[in-house]
Amino acid sequence: MACTVCTESFTQVVTPDGASIVLEKISRNYTDTLSAAAGWSMEEAKEQTIEAGNYILVYEGAVLEGWGGQALRVADKPGTEHLIEAAEKANAVVALVSCAVSGGWMGAQPNRAGALGVQAFLKKAGVNTPGVNVPGCPANPEWLVAVLADVIVLEKL
């Protein structure tokens, strides 16, 4: 449950510019907004990335637990299962934007979709991967660059 505003704001970062980051500095094997792949080829790229390990998971949007995780289905299974699989093997999980941090406006009552933040969901699911919350709507793209630099270059959270 994301609106892609954070991916779009990330492309507006000034130094280093978004294009350089995306094309030269990081591999974005799985991103619904910036990927040329679609459908099962996209899911295959995600599975290969998880299997290889050594990645940072940047998650935009609220996690939807409603209806047994069926409030959001991706590639024929609940979105919550995808998040658990990806988070368990990640070096770190970055919750990007207020919806990913706290459930955002989707978490407001009556909250039938069971929206909540990534860290809260992972804690409930027993996933102990280190995490960073980057709030805002949209999140400041410079903040994401700084977090990625800390995690990748300095190996710190």
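The values are calculated or read from the model by the stated rules, or taken from the named source; none is laboratory data. Keep in mind the model is a prediction, meaning the values are calculated, not measured. Virtual Cβ from ideal backbone geometry, glycine too; neighbours counted across all protein chains shown. For the accessible areas, the whole protein counts, side chains as well, though only heavy atoms, and no ligand, DNA or RNA atoms are used. Shrake-Rupley method; radii C 1.70, N 1.55, O 1.52, S 1.80 Å.
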- prompt: What about Asn54, is it at positive phi and among the polar types (S, T, N, Q)?
  reply: yes
- request: Return the total of residues in region 103-129 being surrounded by fewer than 19 Cβ atoms within 10 Å (Cβ to Cβ) and at pLDDT 95 or above.
  value: 7
Among the candidates Ala90, Ala45, Ala71, residue that is touching a Ser or Thr at 6+ places or on another chain (Cβ under 8 Å), open to solvent by 20 Å² or more (accessible area, probe 1.4 Å) and under 27 Å from Pro138 (Cβ atoms): Ala45
- request: Report, by residue number, each residue of region 130-144 that is outside any helix (DSSP H, G or I), surrounded by fewer than 15 Cβ atoms within 10 Å (Cβ to Cβ) and not hydrophobic (A, V, I, L, M, F, W, C).
  value: Pro130
- prompt: Looking at this structure, is Ala37 on the phi > 0 side of the Ramachandran plot, among the small types (Gly, Ala, Ser) and at pLDDT below 90?
  reply: no
Extreme residue, nearest to the chain's Cα centre (by Cα), among residues of region 74-84 that are part of a helix (DSSP H, G or I) and surrounded by 15 or more Cβ atoms within 10 Å (Cβ to Cβ): Leu83
- prompt: Within region 93-100, is there a residue that is open to solvent by 80 Å² or more (accessible area, probe 1.4 Å) and at pLDDT 70 or above?
  reply: no
